[in-house]
Amino acid sequence: MSGALAQSKLRWGALLAVTALVLVAAGIYAVGAYQRFEESRTAASSVGVTAGQPLPAGPFILFRNTASGQGYGKAATVPLSAPDGPRAVSEHECDRVYGTPEKVVCLRTNRGLVTAFEAEVLDRNWQQQRSWPVPGIPSRTRISPDGSMIATTVFVSGHSYAAAGFSTATEISFPDGTSGNLEDFALMVNGERVLATDRNIWGVTFAPGQGDVFYATAASSGRIWLVRGSLSDRTLTAIHDNVECPSISPDGTRIAYKKNDGGALAPHWNVGVLELATGQETELSEKRSVDDQIEWLDNQNLLYGLADETTDGNSNIWKLGTGPGSQPSLFIAHAWSPGVVR
């Protein structure tokens with residue numbers, strides 16, 4: 001018995017020693033990775049930058065800077081007339097950004113002993129106006145054209161629309177600090193209210209010139225719809241199938257969106273455009289999978305972000321015309337989350 005006990009102690013001792021070595025090695029790797037990350041953030045930027053300035057007076061593009069070096073991950077702007085020029089980089093780290101001429105909304109991850117997520121509203125001088133916690137990983141955000149409403153979508157489980165069983169929380173916030181969760185709105189499909197508990201709503205876009213109207217994506221029981229929302233009626237009414245992350249054109253006549261043609265197990269999102277008046281939809285010529293909420297550059301051209309295939313953590317903003325046969329072209333390198341501010 002004593003021999004067996006001794007062998008057992010030896011095995012446990014060896015296991016504890018191996019475990020300790022693994023933990024030490026993991027700690028050394030983590031410290032080294034953090035040091036390399038910090039060094040990359042303090043290195044000179046790989047693109048031309050200027051110090052943080054007020055929001056430009058003229059039309060501009062707001063985006064998340066993904067160029068390596070100083071300013072990585074921070075909100076930045078370039079003039080609409082010179083998207084490839086030097087970028088003005090703020091001091092605010094954001095996962096998603098969107099704006100108007102007078103304010104910016106920033107969704108971000110606050111990493112620490114406990115990771116938390118936050119929405120922040122900044123004025124045109126990048127000073128905080130207000131902030132509030134959000135219940136999950138930042139995904140989408142939009143501001144109404146008049147700046148009075150802010151929509152946020154976060155993942156409360158899962159971290160991608162490609163993941164099985166993901167769940168979102170989407171809210172519209174108002175200047176007085178109140179907000180409404182869109183899951184509390186009545187979801188209407190073919191005149192019937194959907195009462196299933198597995199409902200998800202995400203990707204709000206506000207209709208220009210119609211303060212009560214917005215569009216979003218709703219999903220339940222494996223089906224996905226484009227819904228027209230009414231703030232006053234607190235309703236979401238399905239108007240078209242298989243539209244994800246809608247974005248309404250500046251003239252309010254068309255919706256750009258992503259559409260999954262790859263199935264649930266291997267999603268591939270094509271870019272589509274829907275004519276609201278006729279219901280006619282057109283799939284565009286982008287062959288890569290676009291997992292983004294598309295932005296309208298103008299009434300004829302779209303912008304969206306794609307991960308860079310050669311560099312982890314990097315992404316680029318692409319431009320695609322809505323006309324027949326239009327091909328994508330690089331619009332802003334080392335950038336993500338475009339917002340066109342006119």
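Where strands (runs of 3 or more DSSP E) fall entirely within the stretch 57-97, those with at least 1 residues that are hydroxyl-bearing (Ser, Thr, Tyr), open to solvent by less than 40 Å² (accessible area, probe 1.4 Å) and at pLDDT 95 or above are at 74-79, 87-93. Just checking, how many residues over the stretch 110-160 are in contact with a Gly (Cβ under 7 Å, 6 or more places away or on another chain), of a type in the set (A, V, I, L, M, F, W, C) and assigned to a loop (DSSP other than H, G, I, E, B)? The total comes to 1. Scanning the stretch 168-186 for residues that are assigned to a strand (DSSP E or B) and more than 11 Å from MET149 (Cβ to Cβ) yields THR168, ALA169, THR170, ASN181, ALA186. Within the stretch 255-291, which residues are surrounded by 17 or more Cβ atoms within 10 Å (Cβ to Cβ) and either touching a Cys at 6+ places or on another chain (Cβ under 7 Å) or of a type in the set (Ser, Thr, Tyr) (or both)? Matches in the stretch 255-291: TYR257, LYS258, SER289.
Within the stretch 193-230, restricting attention to residues that are of a type in the set (A, V, I, L, M, F, W, C) and in contact with a helix residue (DSSP H, G or I) (Cβ under 7 Å, 6 or more places away or on another chain), the residue that is nearest to SER249 (Cα to Cα) is ALA216. Those residues that are more than 18 Å from GLY279 (Cβ to Cβ) and either in contact (Cβ under 8 Å) with a residue 40 or more places away in the chain or open to solvent by less than 40 Å² (accessible area, probe 1.4 Å) (or both), I need them from the stretch 210-221; list them, please. Hits for the stretch 210-221 are GLN210, GLY211, PHE214, ALA219, SER220. For the stretch 139-166, a residue qualifies if it is in contact with a Ser or Thr (Cβ under 6 Å, 6 or more places away or on another chain), within 23 Å of ILE294 (Cβ to Cβ) and of a type in the set (Gly, Ala, Ser), and the qualifying residues are SER139, GLY147. Among the residues making up the stretch 278-287, those that are of a type outside the set (Gly, Ala, Ser), touching a residue at least 40 places away in the same chain (Cβ under 8 Å) and part of a loop (DSSP other than H, G, I, E, B) are LEU284, GLU286. Of all the numbered requirements in (1) at pLDDT 95 or above; (2) open to solvent by 50 Å² or more (accessible area, probe 1.4 Å), LEU107 misses one, and that requirement is (2). Looking only at residues in the stretch 78-109 that are in contact with a Leu (Cβ under 7 Å, 6 or more places away or on another chain) and among the β-branched types (Val, Ile, Thr), the one that is farthest from SER68 (Cα to Cα) is VAL104. Out of all the residues in the stretch 221-257, which are at pLDDT 95 or above and polar (S, T, N, Q)? Those that are at pLDDT 95 or above and polar (S, T, N, Q): SER230, SER232, THR235, THR237, ASN242, SER247, SER249, THR253. Within the stretch 131-167, being at pLDDT 95 or above, under 12 Å from the mean Cα position of the chain (by Cα) and hydroxyl-bearing (Ser, Thr, Tyr) holds for SER139, THR141, THR152, THR153. Looking across the stretch 292-307, the residues that are open to solvent by 40 Å² or more (accessible area, probe 1.4 Å) and in a loop (DSSP other than H, G, I, E, B) come down to ASP298, ASN299, GLN300. Just the residues that are open to solvent by less than 40 Å² (accessible area, probe 1.4 Å) and in contact (Cβ under 8 Å) with a residue 40 or more places away in the chain, please, taken from the stretch 241-253. Within the stretch 241-253, GLU244, CYS245, PRO246, SER247, ILE248, SER249, GLY252 meet the criteria. Residues that are open to solvent by 40 Å² or more (accessible area, probe 1.4 Å) and not in a loop (DSSP other than H, G, I, E, B) were ranked within the stretch 225-239; the one that is nearest to LEU303 (Cα to Cα) is ARG228. Among the residues that make up the stretch 167-175, is at least one of them over 20 Å from TRP202 (Cα atoms), in contact with a strand residue (DSSP E or B) (Cβ under 8 Å, 6 or more places away or on another chain) and open to solvent by less than 20 Å² (accessible area, probe 1.4 Å)? No, every residue in the stretch 167-175 fails to be over 20 Å from TRP202 (Cα atoms), in contact with a strand residue (DSSP E or B) (Cβ under 8 Å, 6 or more places away or on another chain) and open to solvent by less than 20 Å² (accessible area, probe 1.4 Å).
Of all residues being in a strand (DSSP E or B) and within 30 Å of GLY58 (Cβ to Cβ) in the stretch 100-109, which is farthest from the chain's Cα centre (by Cα)? Just the residue, please. Taking the candidates together, the pick is LYS103.
The values are calculated or read from the model by the stated rules, or taken from the named source; none is laboratory data. No experiment lies behind these values; they were computed from the predicted model shown. Here Cβ is always computed from backbone atoms with ideal geometry, including for glycine, and neighbour counts include all displayed protein chains. What goes into the accessible areas is simple: the full protein's heavy atoms, side chains included, and nothing from ligands, DNA or RNA. Shrake-Rupley method; radii C 1.70, N 1.55, O 1.52, S 1.80 Å.
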